[in-house]
Structure formats: structure tokens, C-alpha cells
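Asks: Take a look at this one; I'll ask things after.
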There are 2 protein chains.
Amino acid sequence: MSSFEKKTSPQNAVLAVGSVAFDSIRTPSGKADRILGGSANYFSLAASLFTNINLVGIVGSDFPKDHFEVLRSRGIDLKGLETASGQTFHWVGEYGSDLNEAKTLSTFLNVFEHFNPKLPEAYRDSRYVFLANIDPDLQRSVHAQTRKPEFVACDTMNFWITGKKASLVKTLELVDLLTINEGEAFLLSEKNNVIDAAAAIRGLGPKAVVVKRGEYGALLFSDHGIFSAPALPLATVKDPTGAGDTFAGGMIGYIAHEDAGADLFRDDEILRRAVIFGSVMASFTVEDFGLSNLLRVTPAQVQERYRQFLRMTRF
Amino acid sequence: MSSFEKKTSPQNAVLAVGSVAFDSIRTPSGKADRILGGSANYFSLAASLFTNINLVGIVGSDFPKDHFEVLRSRGIDLKGLETASGQTFHWVGEYGSDLNEAKTLSTFLNVFEHFNPKLPEAYRDSRYVFLANIDPDLQRSVHAQTRKPEFVACDTMNFWITGKKASLVKTLELVDLLTINEGEAFLLSEKNNVIDAAAAIRGLGPKAVVVKRGEYGALLFSDHGIFSAPALPLATVKDPTGAGDTFAGGMIGYIAHEDAGADLFRDDEILRRAVIFGSVMASFTVEDFGLSNLLRVTPAQVQERYRQFLRMTRF
């Protein structure tokens with residue numbers, strides 16, 4: 001199960017909405033100015049090793065056109081990526097010695113401020129949907145334009161939990177799987193124990209919840225109990241930006257690849273392997289700045305790292 | 001491998017030196033005054049499910065004699081437990097919402113201040129030795145009184161790393177296995193990455209290092225690579241006191257039980273299962289205050305929880 005060939009059929013394609021951005025990042029390992037990032041970029045590049053992607057997002061006229069070609073060459077469809085006049089979303093952040101927590105220094109929403117996602121007709125039949133961490137109103141607007149999604153996943157963050165909780169709760173009613181950081185799971189559920197938090201969140205709609213714990217791995221909660229996945233200990237962590245979106249990309253890309261339909265939640269075998277593929281992809285992302293490693297990684301490297309996870313956990 | 005019967009032969013007995021204490025503890029779940037604790041208590045009670053124990057320590061004349069009977073009834077030999085005139089070691093501490101970190105409010109060393117461990121003749125042939133977190137001079141003094149230990153493990157803490165590093169380094173030269181908290185591994189190694197820290201510590205002597213990460217589990221580093229063990233997510237964590245000593249008890253108790261001799265480090269199969277038994281035992285301890293749960297737990301419960309770890313990690 002650690003070997004896979006990318007499935008390029010439209011059947012397996014994942015509709016993904018999220019941000020496409022410039023990031024300016026400072027970490028203890030160095031800094032990078034205005035490099036390509038955004039949740040949709042990280043998600044799509046990770047998922048594109050497993051399936052094709054229908055990308056929904058917005059960029060400004062300053063966005064480098066050659067990156068479009070890079071994405072297209074990986075089976076990431078850009079009909080849903082709008083180019084608006086103005087500047088691309090720009091995030092400025094830094095990490096201290098605790099690489100699990102980003103400090104936002106500035107957020108320039110730019111063209112993202114008036115983003116009103118419109119799905120190209122061809123996207124509306126997407127069976128797999130990922131709503132990255134954006135305004136929950138927009139997450140639902142995208143969902144409403146799909147005709148018969150069979151599997152819907154989303155992510156969110158403290159900003160929406162604090163500022164738009166009622167809307168977020170409505171989104172969660174539509175969702176099969178939520179991926180969320182542990183601290184944000186506590187914030188959303190108003191619980192301070194991960195078992196209670198996951199149960200409360202599953203009570204809002206999601207059949208499964210993945211609680212992400214950064215370098216400590218992730219926990220999957222479903223009807224079939226708890227699956228605990230480690231993170232791969234790494235000698236070098238240069239930049240944690242995008243780790244969570246990359247994780248979701250590996251996870252949902254693999255789920256769409258397996259295409260189990262209604263059987264997905266009958267047991268948690270695919271979900272467990274999907275969590276590992278998410279962890280594998282995230283481990284590559286954090287080893288270098290921005291998208292660098294994600295643009296380089298090969299299926300053979302992904303499979304080898306999957307086997308590393310197997311070896312690391314067997315007893 | 002999840003089923004075991006206690007081995008009661010002197011061959012398998014573990015010599016353990018550490019503190020026997022009263023603890024006064026406040027946690028978010030409540031408080032307890034002058035309850036029984038100390039590293040040697042936690043270690044021995046956990047290990048006693050797997051093997052017999054030769055206990056070395058000191059208590060004051062205020063120590064409740066009925067606890068001696070409890071320990072003896074579990075195959076914990078007390079010939080090495082000295083009763084001195086004066087008061088028993090007393091630790092006062094509290095935990096905030098971060099249960100991974102204890103705050104020491106007071107330490108009354110009492111009779112422990114002039115503890116000079118003397119091994120009963122019958123203990124000197126112990127093949128398995130655990131040097132709990134005490135002054136590294138005393139750890140070496142105990143080691144020097146043994147004749148032919150085949151496996152020596154120890155624990156330590158920031159207090160000794162900061163205050164007696166040269167002595168601690170000498171102890172580590174004698175040690176096969178070190179169990180240590182992650183933050184303390186960074187402090188000892190002067191590295192800030194767990195892979196680098198473990199490599200540096202193994203360079204000081206130990207063939208294997210277990211880095212303990214509290215609720216996030218533990219990492220085993222040996223010649224055979226990395227093993228990542230989760231902690232069991234628990235609905236209730238009342239008191240983390242003694243979790244690390246209990247972990248060591250489950251781990252070293254199981255190692256002595258398996259009694260692999262020179263083959264122990266040929267691969268890491270026994271070590272891996274030992275880490276899981278350590279995690280299993282620690283999961284019981286933290287669910288209630290002090291030694292309460294450790295005094296109640298049955299082999300059948302230990303085996304069932306071991307199977308929970310198996311189910312939680314399979315993919």
C-alpha cells in the first residue's frame with residue numbers, strides 16, 4: 001500500500017479552494033521574501049502526486065505567469081484561478097524557536113479581500129472537495145456550487161473560530177473530514193482535552209477529525225477509534241509554513257486516489273494511510289523554504305518515506 | 001507479545017535505586033497532601049508486574065510501615081531500603097494547564113540529604129540495574145557496588161544537568177539506556193533538535209536513548225534507527241507525577257522479563273515493545289493521583305492497553 005501511481009481521471013480530481021499568495025517568512029534558519037505560497041498552492045502541489053486538481057482561487061496581476069505553467073504541468077487545472085487587477089495576497093510572518101507556532105506580522109489581503117469564488121462549469125461535478133482555511137462563508141459558497149460532492153474536507157484557523165464561529169459551524173455541517181491544529185481544536189470545541197475536543201467537533205458534523213500536532217504528529221478520530229500517527233523526526237526544519245496545507249494535500253489526494261466512495265468510512269484503513277501520506281508530504285515541505293521541496297519531490301521519494309513511517313512505528 | 005507472565009526468578013530481578021518520598025501535589029484536577037511517591041516507588045510498582053525488584057533507598061521514621069507490606073507483597077525486596085531517624089523526603093509541587101511540566105514549590109530532602117546507598121550482598125549480583133533520577137555521584141556509587149550488571153539504565157533531570165554535568169557524564173559512560181525528557185535532552189546535549197540531541201547523548205555512552213515527550217509519546221534512538229511510540233490519549237489526566245519513573249519501570253521491567261542478555265541490542269524488537277509497556281504503565285499512573293492506579297492495575301489491564309497501542313498505530 002505504500003506504492004501508488006497517480007490517477008489522472010477526472011473522476012479522481014479534487015476541487016480545492018484556498019489562497020494563492022506571496023509569503024515573506026523569517027525562521028531561525030533564514031528568511032525568504034515574497035516567495036510563492038498560500039494554502040491552495042501547498043495543498044495542490046502535494047495532492048497532485050496522487051490525483052489531478054481543480055483549483056479555485058484568485059491572484060493579482062503581479063503574479064508570475066511561469067508558475068501557472070508549473071502548476072498545469074502537474075495536472076492542476078487553473079480554469080478556476082481568477083486573475084484580478086491589483087496585487088496578490090501577501091502574508092508576512094515569522095517563527096521563533098517554537099516552529100509549531102507562526103507569528104503573523106502583516107496580512108495584505110489585496111485581491112483576496114473581494115474574492116467571490118465562481119466555479120467553472122466543469123468543476124461543479126467534482127466528487128472530492130477540499131475547502132482550505134478561508135472565510136467559512138466562502139467555503140460554503142464553493143460547496144453550494146458543487147452538484148454532488150461525495151467527500152468534503154476542510155481546514156480552518158483561530159481567526160475564523162474567534163471571528164465567525166456561527167458561520168464556521170454551518171460549514172462543518174457539510175463536511176466529512178476536518179483537519180485542525182490541536183490548539184484550534186480546543187478553541188473551537190471549548191474543551192481542553194483532545195478526546196473531548198474531537199468528540200465535540202464530530203458532533204458538529206464531520207465524520208472524522210484529524211488533530212494536527214506539528215512535530216508531534218497527528219491523531220485521527222472516527223467511528224473506528226483513534227489512530228495516532230507520528231511526525232517524522234527531521235534533522236533540518238527550515239520553514240514550517242504550509243505544513244498543514246501540505247498535510248491535507250497528501251491526505252485528501254490519497255483519499256481521492258483510492259476512490260472508495262461510500263465505503264471510505266466503513267473502516268478507517270484508507271483514512272489511516274491517508275494520514276500517513278499527509279505526514280509524509282508535510283515532512284518534505286518543512287525541510288526547505290516555501291514550495292521548494294514540494295516542487296522537487298518524486299513519487300519514489302514519497303514511497304520511501306512512507307516506508308520510513310512503517311519502520312518507525314512497528315512493534 | 002502482548003501477553004506476559006511475571007518472572008519471579010532472581011535472574012530477572014531489577015536493582016533499582018531512587019527516592020521514596022511523600023508528595024504534596026496540586027493539579028487542575030485537585031490536590032493531594034503527603035501521599036506516597038518518589039521515583040523508586042513508581043518505578044518498582046510498575047516494574048513489579050514483570051519482574052521482582054531489589055530496592056535501594058532511604059525513608060525516615062515517619063514512613064508508614066504498612067506500605068512496606070504492600071511493596072513486599074509485589075515481590076519488591078526491601079533489604080536495601082534503609083530507615084533513618086528523621087523525616088522522609090518530601091516534595092511539594094504543582095501543575096498548571098500544561099501537565100507536561102511540574103513546578104517545584106518546595107523540596108525537603110530530609111533523610112535523603114545524607115543518603116549513602118549501601119547494597120545488601122544479595123543485590124550485588126543483580127544483572128539489571130536502574131539508576132533513577134538522583135545525584136549522579138550516588139548513581140555511580142550504586143553501580144560500583146554491583147559485580148556484573150548486564151544492563152544498566154538511568155534517568156536524570158535538569159537539576160543534575162545544570163549542577164553536576166561532569167559527574168552525570170561519568171555516569172552516562174556506564175549506562176546502556178538513558179530515559180530523558182525532551183527538554184532535558186536538549187539541555188544535556190546543547191542541541192535543539194531531537195535527532196542531534198539523541199546522537200550527542202549516545203556519543204556519551206548509552207547504546208540507546210529514549211526521549212520522553214509526555215502526552216506526545218516517546219522516541220527510541222538506537223543503532224537500529226528511530227522508533228516512535230505514541231502516548232495513549234486519555235479522557236482524564238489527574239496527576240502526571242511519576243509518569244516518567246513509571247515509564248522506566250514498565251520499560252526496564254519488560255527488558256528484564258525478556259532477559260535477552262547480549263542479544264538485547266542485536267535488534268530493537270524488545271526495546272520497542274519495552275517502550276510500549278513503559279507507555280502503557282505511564283498511562284495508568286497519570287489517570288489518578290499518586291500511586292493509586294499503579295496499586296490497582298492488573299496484568300490483564302496492562303495487556304489490554306498494550307493491544308490498544310497496537311490498534312492505535314497500525315496502518
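No lab work stands behind these numbers, since they all come straight from the coordinates. What you see is a predicted model; the values in this text were computed from it and never measured. Cβ atoms come from the backbone with ideal geometry, glycine included; neighbour counts cover every protein chain shown.
Asks: Exposure proxy check: A:Val302, B:Val59 ranked by fewest other beta carbons within 10 Å? Don't skip to the end; give the middle numbers.
Replies: Working: A:Val302 23, B:Val59 28.
Ascending Cβ contact count within 10 Å gives the list A:Val302, B:Val59.
Asks: Okay, next question. Given the options A:Gly214, A:Gly278, A:Gly261, which has the most mean-square fluctuation in a GNM of chain A, springs set between C-alpha atoms less than 10 angstrom apart?
Replies: Most flexible of the set in this elastic network: A:Gly261.
Asks: Of the DSSP beta bridges with both residues in the protein assembly as shown, give the percent that are antiparallel, rounding to the nearest 5. Write down the numbers at each step before the final one.
Replies: Working: 42 of 107 bridges.
Antiparallel bridges: around 40 percent, rounded to the nearest 5.
Asks: Tell me whether the protein assembly as shown comes out rounded, prolate or oblate; compute the Cα gyration tensor, take square roots of the eigenvalues as a ≥ b ≥ c, and use a/c under 1.5 as the rounded threshold. Display every interim value, and only then the final one.
Replies: Working: a/c = 2.26, a/b = 2.25, b/c = 1.00.
It comes out prolate by the Cα gyration axes.
Asks: A:Gly163 label points, 7 Å along Cα→Cβ, one per copy: pairwise distances from this copy to the rest in nm, shortest first?
Replies: With the label placed 7 Å along Cα→Cβ, A:Gly163 yields 5.0 nm.
Asks: Beyond 22 Å, what share of the Cα-Cα pairs of the range B:1-108 is found? Please give it as a whole percent.
Replies: 39
Asks: Further, regarding this structure: Could you calculate the FRET efficiency of A:Arg266 with B:Gln11 from 1/(1 + (r/R0)^6), where r is the beta carbon distance between them and R0 is 51 Å, rounded to 0.05?
Replies: Working: r = 49 Å, r/R0 = 0.97.
Working from the Cβ atoms, E equals 0.55.
Asks: Decide, for the range B:10-313, between rounded, prolate and oblate: order the square roots of the alpha carbon gyration tensor eigenvalues as a ≥ b ≥ c, take rounded if a/c falls under 1.5, and otherwise choose prolate if a/b is larger than b/c, else oblate. Working shown, then result.
Replies: Numbers: a/c = 1.22, a/b = 1.09, b/c = 1.12.
Note, shape of the range B:10-313 comes out rounded.
Asks: Could you quickly flag the chain A residue whose beta carbon comes closest to the rotation axis taking A to B, and that distance in whole angstrom?
Replies: A:Tyr216, 2
Asks: Note down the magnitude of the dipole of the range B:146-268 about its Cα centre, charges +1 on Lys and Arg C-beta and -1 on Asp and Glu C-beta and zero elsewhere, to the nearest 20 debye.
Replies: Computed about the Cα centre, the dipole is about 380 debye.
Asks: Still on this model: Starting from the Cα gyration tensor of the range B:213-315, take the square roots of the eigenvalues, sort them a ≥ b ≥ c, and report rounded, prolate or oblate (rounded when a/c is under 1.5, otherwise prolate if a/b is larger than b/c, else oblate). Intermediate values should be presented prior to the final figure.
Replies: On the way: a/c = 1.83, a/b = 1.53, b/c = 1.20.
Prolate is the answer for the range B:213-315, as a/c is 1.5 or above and a/b outweighs b/c.
Asks: Another question, if that's okay. Under unit Cβ charges (Lys, Arg +1; Asp, Glu -1), what dipole magnitude, rounded to 20 debye, does chain A have relative to its Cα centre?
Replies: Numbers: 33 positive and 37 negative charges, 67 e Å.
Magnitude of the dipole: close to 320 debye.
Asks: Looking at chain A as a GNM with Cα springs under 10 Å, which of A:Ser85, A:Ser279, A:Ser97 has the largest mean-square fluctuation?
Replies: In this elastic network of chain A, the residue with the biggest mean-square fluctuation among A:Ser85, A:Ser279, A:Ser97 is A:Ser97.
Asks: Also, I was wondering about something else. Taking a point 7 Å out from Cα toward Cβ as the label site, list the nm distances between B:Arg72 and the same residue in every other copy, smallest first.
Replies: Distances to the matching label points in the other copies: 8.5 nm.
Asks: Sticking with this structure for a sec: Looking only at B:Phe68, B:Phe221, B:Phe130, which one moves most when chain B is put into a Gaussian network model with springs between Cα atoms under 10 Å?
Replies: B:Phe68
Asks: Could you pull the copy-to-copy label distances for A:Gly261, with points set 7 Å along Cα to Cβ, in nm to one decimal and sorted shortest first?
Replies: Reported distances to equivalent positions: 5.9 nm.
Asks: In square nanometres, what is one fourth of the surface area of the convex hull spanned by the alpha carbons of the range B:170-253? Intermediate values should be presented prior to the final figure.
Replies: Details: hull surface 23.6 nm².
With every direction weighted equally, the projected area is 5.9 nm².
Asks: Related question: If you take every DSSP beta bridge fully contained in chain B, what fraction is antiparallel? Give it as a percent rounded to 5.
Replies: On the way: 21 of 53 bridges.
Among the beta bridges of chain B, antiparallel pairing accounts for roughly 40 percent.
Asks: Projecting each Cα onto the charge dipole of the range A:99-219 (Lys/Arg +1, Asp/Glu -1 at the beta carbon, about the Cα centre), which of A:Ala199, A:Ser126, A:Thr179 comes out farthest on the positive side?
Replies: Highest projection toward the positive end goes to A:Ser126.
Asks: While we're here: Show me the helices of chain B, taken as full DSSP H stretches, that run 24 Å or more along their long axis by Cα and average -1.0 or above in Kyte-Doolittle hydropathy. Working shown, then result.
Replies: Numbers: long enough: B:269-285 (25 Å, 1.01).
Flagged H segments are B:269-285.
Asks: Kindly put B:Asp125, A:Asp66, A:Asp23 in sequence by how many other C-beta atoms sit within 10 Å of each C-beta, fewest to most. All intermediate terms of the calculation are to be shown ahead of the outcome.
Replies: Values: B:Asp125 16, A:Asp66 7, A:Asp23 24.
By the 10 Å Cβ count, ascending, the order reads A:Asp66, B:Asp125, A:Asp23.
Asks: Okay, next question. Per DSSP helix of 4 or more residues, -39500 (n - 2.57); summed, then divided by the residues of chain A. What does that give at 222 nm, rounded to the nearest 500? Walk me through the numbers on the way to the answer.
Replies: Working: 11 runs with 111 residues, N = 315.
Mean residue ellipticity at 222 nm (helix-derived): -10500 deg cm²/dmol.
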